[in-house]
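The values are calculated or read from the model by the stated rules, or taken from the named source; none is laboratory data. These figures come from a predicted structure and were not determined experimentally. Every residue, glycine among them, receives a Cβ derived from its backbone with ideal geometry; neighbour counts consider all protein chains shown. Protein only, heavy atoms only, side chains kept; ligands, DNA and RNA dropped before computing areas. Shrake-Rupley method; radii C 1.70, N 1.55, O 1.52, S 1.80 Å.
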Amino acid sequence: MTAYTVRPIAYVRSPYTQKFGIPRQPQLVPAARADIVFEADFPADCVRGLEQFGCVWVQFVFHDALNEGWQTTVRPPRLGGKAKMGVFATRSPHRPNHLGLSLLVLDSIGNENGRIVLHCSGADLLDGTPVLDVKPYIPFVEARADAAAGFAPAPPPRLAVCWLDTPPPEPVRALIEQSLSQDPRPAYHHDPQRRYRAVMAQWETTFRIAEHTVIIESCQTLQSN
Ligand code: SAM
């Protein structure tokens with residue numbers, strides 16, 4: 001068996017610093033802006049022409065799942081956490097090589113201290129995620145709306161959001177609302193009194209979910225003034 005060595009070309013800078021609350025797929029939360037910050041040895045020429053594309057494929061490592069191993073079958077949240085599917089029939093982070101693939105909107109390309117930075121949105125990535133490759137998305141090749149979509153034929157239903165505390169300013173408010181409306185609970189949680197905590201863009205929220213509504217009880221910035 002041949003082993004291959006790969007190295008990160010970049011790292012993700014994301015508002016999601018914990019896994020809980022990250023959308024389960026890209027584009028479900030348009031307000032989730034993330035930067036792909038390249039390593040210093042990749043010159044700007046590496047992305048010449050990329051600005052002509054609206055979206056990029058980002059190949060990455062589920063680095064925060066490496067110690068959790070993998071199993072032949074997983075229980076997709078989409079199926080209520082009940083049915084088991086083969087790992088290669090799912091997008092689970094718990095897979096043999098822990099490789100992920102996300103299609104992100106490419107908003108702009110910048111430069112920070114000589115490093116290439118891709119400013120993207122619609123991210124489903126944890127802060128610090130190592131990126132192995134970036135490629136342009138080519139709609140005429142890759143957009144196949146007619147393809148069978150198995151047990152994920154449409155976006156999951158969204159929850160309503162109710163604020164009991166003062167919402168944070170935009171764009172953090174949109175990030176929190178769009179993320180929590182995706183129902184981040186594990187599929188087997190149904191207790192309307194159970195309280196959850198999520199941190200996004202350095203704002204901490206506590207909330208519960210009852211009657212298809214996220215009830216945000218508190219929202220505080222973690223940034224010291
Ligand atoms: N779109 C990608 C794919 O299909 O390969 C990721 C799908 S996966 C279901 C998305 C989830 O992976 C997120 O909700 C988050 O919990 C988790 N995740 C994101 N970045 C991660 C990382 N670097 N390490 C471990 N888990 C991560």
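Here are a few things to note about the model shown:
- Lone unmet requirement of (1) within 16 Å of the ligand (Cβ to nearest atom); (2) open to solvent by less than 70 Å² (accessible area, probe 1.4 Å); (3) closer than 20 Å to S102 by Cα; (4) more than 15 Å from the chain's Cα centre (by Cα) for F38: (1)
- Summed over the stretch 115-174, residues that are out of contact with any Phe, Trp or Tyr (no Cβ under 8 Å at 6 or more places or on another chain) and of a type in the set (K, R) total 3.
- Residues (open to solvent by less than 60 Å² (accessible area, probe 1.4 Å) and either within 16 Å of the ligand (Cβ to nearest atom) or modelled with pLDDT under 95 (or both)) located in the stretch 128-146: G128, T129, P130, V131, L132, D133, V134, Y137
- Any chance T90 is of a type in the set (V, I, T), near the ligand (Cβ under 10 Å from one of its atoms) and over 21 Å from P130 (Cβ atoms): yes
- Close contacts from the stretch 109-127, counting a first residue that is under 17 Å from R24 (Cα atoms) and open to solvent by 20 Å² or more (accessible area, probe 1.4 Å) and a second that is among the aliphatic types (A, V, I, L, M) and within 16 Å of the ligand (Cβ to nearest atom), with Cβ to Cβ under 7 Å and a gap of 6+ residues or different chains, come to D124/I22; L126/I22; D127/V12.
- Per-region count, the stretch 58-69, residues in a loop (DSSP other than H, G, I, E, B) and within 12 Å of the ligand (Cβ to nearest atom): 1
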